[in-house]
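The values are calculated or read from the model by the stated rules, or taken from the named source; none is laboratory data. This structure is a prediction, so every number in the text was calculated from the model and none was measured. All Cβ positions, glycine included, derive from the backbone under ideal geometry; neighbour counts span all protein chains shown.
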Amino acid sequence: MRLDDLRDVTALPASATANDGHNPGQPVFSTEELFGGNTEIGITHQGLVYRLRITRQGKLVLNK
């Protein structure tokens, strides 16, 4: 999936548009979709890169 696809809800996987009590239309992604088998990914926000990683205990940690 490309970043441009995230702007087009019709291009999102079915799991990304599932509504499980969150705001309607809010994209929801599984960690498998985001991480693709990795334990750490980078997310850019306002010119900075943040690291999102899965710990050994299965928790998510976001670091600047």
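Things worth noting here:
- Pairs, first at negative phi and at pLDDT below 95 in the range 38-54, second part of a strand (DSSP E or B) and surrounded by 10 or more Cβ atoms within 10 Å (Cβ to Cβ), C-beta under 7 Å, six or more apart: none
- The range 1-37 - residue that is under 12 Å from the mean Cα position of the chain (by Cα) and among the hydroxyl-bearing types (Ser, Thr, Tyr) and, of those, modelled with the lowest pLDDT: Ser15
- Pick from the range 45-61, criterion among the charged types (D, E, K, R) and under 15 Å from Leu34 (Cβ atoms), ranking: surrounded by the fewest Cβ atoms within 10 Å (Cβ to Cβ): Lys59
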